[in-house]
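Single-structure report; data block below.
Since every read-out is calculated from the coordinates, none of them should be taken as a lab result. Given the structure is predicted, the values throughout are model-derived calculations rather than measurements. Cβ placement follows ideal geometry from the backbone for every residue including glycine, while neighbour counts extend to all protein chains displayed.
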Amino acid sequence: MTDKLKAEKKTMVLGIGNIIMGDEGFGLHVIRRLKEIGMPEDIILEEGGVGELNLLNDLQGIDNLVVVDIMMLPLPPGELKVFEPGNPPTEPGKAIISFHQIGVLELINLWTMMGNEEPEVTFVVTRPETIDWGTELSQALKPTVEKAADMIKQLCADYN
């Protein structure tokens with residue numbers, strides 16, 4: 001998985017979501033779990049919320065970007081899917097829907113159009129079970145937080 005990634009470079013793990021919309025907050029729950037279990041100091045853990053345009057400045061100097069989010073993929077809720085660098089989450093003929101004002105792919109495109117080098121982007125995503133008011137994840141996604149955190153911790157360790 002990591003042979004395409006730049007090693008010994010600056011890495012950011014970016015959790016995307018809305019913490020008050022149930023499963024929509026999955027990415028933020030994963031970031032908070034990573035902070036609890038601890039990550040190497042050279043790994044930046046960022047709670048991105050839903051306003052990705054605000055993240056443009058945060059991409060400065062980032063070589064490896066791991067995005068944690070939910071997407072309406074043809075998966076059971078809570079099953080993790082990893083999209084490696086060079087293989088963004090798109091499938092011809094299928095709608096891949098994110099729930100934010102601007103998607104991460106659009107953010108990266110804007111970043112490169114501004115003359116910046118594109119980071120190597122890995123997506124770690126799952127399908128939501130419910131999106132409704134509340135700060136709790138659904139039963140399908142609660143155990144997925146720990147699985148995603150373990151996966152991301154190993155992925156980041158492989159960068160170095």
Based on the Cβ-Cβ distance of Ala157 and Asn109, what FRET efficiency does E = 1/(1 + (r/R0)^6) give at R0 = 35 Å, to the nearest 0.05?
0.75
Unit Cα scatterers, Debye sum, the chain: log10 I(q)/I(0) for q = 0.08, 0.12, 0.20 Å⁻¹:
-0.20, -0.47, -1.38
If amide H atoms are built 1.01 Å from N in the plane of the peptide, which residues on other chains or at least 5 residues away come under 5 Å of the amide H of Gly134?
Met21, Gly22
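Would you calculate, for the chain, the mean residue ellipticity at 222 nm contributed by helices, counting each DSSP H stretch of 4 or more residues as -39,500 (n - 2.57) and dividing by all residues, to the nearest 500?
-8000 deg cm²/dmol
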Please tell me which of these pairs span more than 20 angstrom C-alpha to C-alpha: Lys10/Lys81; Lys35/Lys81; Lys10/Lys153; Lys10/Lys147?
Lys10/Lys81; Lys35/Lys81; Lys10/Lys147
Fewest to most neighbouring Cβ within 10 Å: what's the order for Ile108, Ile70?
Ile108, Ile70
Given contacts defined as C-alpha pairs under 8 Å and at least six residues apart, what's the relative contact order of the stretch 12-93, whole-number percent?
36 percent
Tell me, Glu136, Glu41 in order of fewest to most beta-carbon neighbours within 10 Å?
Glu41, Glu136
Integer Hz, Karplus 6.51/-1.76/1.60 couplings in order for the stretch 62-75, x for Gly and Pro:
7, 9, 10, 10, 10, 9, 10, 7, 9, 8, 7, 9, x, 10
Hey, what did the chain get for relative contact order, percent, Cα under 8 Å, at least 6 apart?
36 percent
By count of other Cβ within 10 Å, fewest leading, how are Trp133, Trp111 ordered?
Trp133, Trp111
Convert each backbone phi in the stretch 108-116 into a coupling constant with the Karplus relation 6.51 cos²θ - 1.76 cosθ + 1.60 (shift: θ = phi - 60°), then list the ³J(HN,Hα) values in order as whole Hz, x for Gly and Pro.
5, 4, 4, 4, 6, 5, 7, x, 9
